[in-house]
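Presented below is the structure to which this report refers.
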Amino acid sequence: MSDCNFCKEIDFHEIIECIVSAHDAKDPYTAGHSERVSDMAIAVCEILNLTEEQTQQIHIAAHLHDIGKIGVPDIVLLKEGRLTDDEWEKMKKHPEIGSEILSKSQQLSELKDIVIHHHERYDGKGY
């Protein structure tokens with residue numbers, strides 16, 4: 001498969017954009033959220049003088065941070081109004097689901113720790 005011209009011409013960032021677009025199509029309420037998070041993440045990376053590689057990893061992880069919401073039932077994800085305790089527990093699983101999704105890719109598995117911890121807080125009260 002390494003001789004496949006089609007495979008050589010695939011743009012990694014275009015694939016990420018397709019994945020994010022699929023997520024945005026499922027949950028129009030948060031459409032554009034990943035792009036905004038990614039923009040802010042890049043700004044922070046620049047302030048911290050991170051390397052280009054670190055910045056790119058964080059940029060991609062920011063785009064994919066909520067990808068696990070694909071595994072949250074629509075009745076929960078798209079619910080208007082307050083979630084019940086049970087629904088909230090299902091919603092809180094999206095970082096774990098996202099990490100599991102990324103673990104299927106050799107390249108993206110490097111980002112799974114960022115995704116699984118994106119709701120964590122310094123005081124440990126995140127999820």
Within region 21-53, how many residues are over 22 Å from residue 80 (Cβ atoms) and among the hydroxyl-bearing types (Ser, Thr, Tyr)? 3
Kindly indicate whether residue 69 is at pLDDT 95 or above, closer than 19 Å to residue 120 by Cβ and either surrounded by fewer than 10 Cβ atoms within 10 Å (Cβ to Cβ) or in contact with a Phe, Trp or Tyr (Cβ under 6 Å, 6 or more places away or on another chain) (or both). no
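Consider region 99-108. How many of its residues are modelled with pLDDT of 95 or more and either exposed (fewer than 13 other Cβ atoms within 10 Å of the Cβ) or under 15 Å from residue 58 (Cα atoms) (or both)?
The qualifying residues number 3.
Give the residue, chosen from 37, 20, that is touching a residue at least 40 places away in the same chain (Cβ under 8 Å) and either within 22 Å of residue 110 (Cα to Cα) or not hydroxyl-bearing (Ser, Thr, Tyr) (or both).
20
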Taking only pairs six or more apart or across chains, which ones have beta-carbon atoms under 7 Å, a first residue in region 87-98 that is without any contact (Cβ under 8 Å) to a residue 60 or more places away in the chain, and a second residue that is among the aromatic types (Phe, Trp, Tyr)? 92/127
Pick from region 30-50, criterion part of a helix (DSSP H, G or I) and touching a helix residue (DSSP H, G or I) at 6+ places or on another chain (Cβ under 7 Å), ranking: surrounded by the fewest Cβ atoms within 10 Å (Cβ to Cβ): 42
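For every residue, the table says whether it meets (1) over 15 Å from residue 37 (Cα atoms); (2) among the small types (Gly, Ala, Ser); (3) touching a strand residue (DSSP E or B) at 6+ places or on another chain (Cβ under 9 Å); (4) not in a helix (DSSP H, G or I).
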residue	(1), (2), (3), (4)
53	yes, no, no, no
62	no, yes, no, no
68	yes, yes, no, no
87	yes, no, no, no
97	yes, no, no, no
101	yes, no, no, no
109	yes, yes, no, no
115	no, no, no, no
120	yes, no, no, yes
Does any residue in region 47-60 that is closer than 17 Å to residue 17 by Cβ and in contact (Cβ under 8 Å) with a residue 40 or more places away in the chain come within less than 6 Å, Cβ to Cβ, of a residue that is surrounded by 17 or more Cβ atoms within 10 Å (Cβ to Cβ) and among the β-branched types (Val, Ile, Thr) six or more places away or on a different chain, and which pairs are these? 60/16
Name the pairs: first residue in region 104-122 and small (Gly, Ala, Ser), second residue surrounded by 13 or more Cβ atoms within 10 Å (Cβ to Cβ), Cβ to Cβ under 7 Å, at least 6 apart or on different chains? 109/102; 109/103
Subset of region 70-85 (residues that are assigned to a helix (DSSP H, G or I) and over 12 Å from the mean Cα position of the chain (by Cα)): 71, 74, 75, 76, 77, 85
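The values are calculated or read from the model by the stated rules, or taken from the named source; none is laboratory data. If you're wondering where the values come from, they're calculated on a predicted model, not measured in any experiment. Heads up, the Cβs are rebuilt from the backbone with ideal geometry, glycines too, and the neighbour counts pull from every protein chain shown.
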